[in-house]
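Participant: First the structure, which I've put down as structure tokens, then a few questions once you've had a look.
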Amino acid sequence: MRRIKKRKPTAPKKTTPLPYTGNLQAPVMLIIDPVVGNLNTKSPLNAKQLQWFVDHLRDNGGFAKEDVCIISAAAPCTSETWEQGKLLTAHLKDWTEELHALIRRNRPKLILPFGAKACQQVFGRAVQITKVRGQPVQEPGICHNIPILPMLSPFYAQRQPENEAAFAADLQTAQRIHKGGFDIDASAIDYKHDYQWCWDHKKLWKLLRNKTDLSVDVETVGLQGF
């Protein structure tokens, strides 16, 4: 009787044609808008952008190098494609399955899509990034129930420094989820305050003498107390 040689199970695919940097099996997958211009690049960011991004990931997100993989939402595209909505939508659609196949294979614990186009690839629909940023999502029908935290694009935050504070704050939210065992409920800040009504200003002066941190909300109508 002829013996049938059993084939060894095929190892999971470890590479992707999408530009990326880091370990594809890292627990946190950072998805960014596609590179524009250099169609042959294998990196999702140039050296200057990458250093800026890595500094923020470390300082505000508390992420170590081994925690993350930075990957492009699609292959690089031309400036003409980026500037024309229909061309860009078609380009993103061409790469949606590759990105989601990568997510299925590697099963990250947390997905951070940075920018509107990256979010569109993850959610399967267009989003207004300024409205969804910083709000964690976890739904069975989206990315295999993996927690997702939409973020501002690093390109956007780097070009417009007034948005850098919001970018850093969202990374701090990501840090809480990461340190909370990838539970999106850990994204909430636990504010511990002692609220008191004060009807007598003498009591307020007493509180001011005994407290180092005090916030006061005064209810008035014009110059008259309400």
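Participant: Pairs LYS65/LYS117; LYS42/LYS86; LYS93/LYS117: which exceed 22 Å Cα-Cα?
Facilitator: LYS65/LYS117; LYS42/LYS86
Participant: With the other protein chains left in place, how much accessible area per residue, in square angstrom, belongs to region 66-170 at a 1.4 angstrom probe?
Facilitator: Result: 47 Å² of accessible area for each residue.
Participant: Please name which of LEU87, PRO76, ILE111 has its Cα lying farthest along the dipole of region 72-121 towards the positive end, using unit charges on Cβ (Lys, Arg +1; Asp, Glu -1) and the Cα centre as origin.
Facilitator: The residue sitting most towards the positive pole is ILE111.
Participant: Using a Förster distance of 45 angstrom, determine the FRET efficiency expected from the C-beta separation of SER43 and ALA188, and round it to 0.05.
Facilitator: Efficiency computed from Cβ-Cβ geometry: 0.80.
Participant: Might you work out the accessible area of THR16 for me, using a 1.4 Å probe with all protein chains in place, and round it to the nearest 10 Å²?
Facilitator: 20 Å²
Participant: Once the dipole of region 46-156 is set up with Lys and Arg at +1 and Asp and Glu at -1 on Cβ about the Cα centre, which of ILE148, ALA101, ASN60 lies farthest towards its positive end?
Facilitator: Of the candidates, ILE148 comes out farthest on the positive side.
Participant: Quick one: with all protein chains in place, what share of the accessible area of region 81-120 is carbon or sulfur, to the nearest percent (1.4 Å probe)?
Facilitator: Here carbon and sulfur together make up 49 percent of the probe-accessible area.
Participant: For LYS206, give me every one of the aspartates and glutamates with a C-alpha distance below 20 angstrom, ignoring sequence neighbours fewer than eight places off in its own chain.
Facilitator: Filter leaves ASP194, ASP217, GLU219.
The values are calculated or read from the model by the stated rules, or taken from the named source; none is laboratory data. Since this is a predicted model, take the numbers as computed values, not measurements. Cβ coordinates were reconstructed from backbone atoms using ideal geometry, including for glycine residues, and neighbour counts include every protein chain displayed. These accessible areas exclude ligands, DNA and RNA; they are computed on the full protein's heavy atoms, side chains included. Shrake-Rupley method; radii C 1.70, N 1.55, O 1.52, S 1.80 Å.
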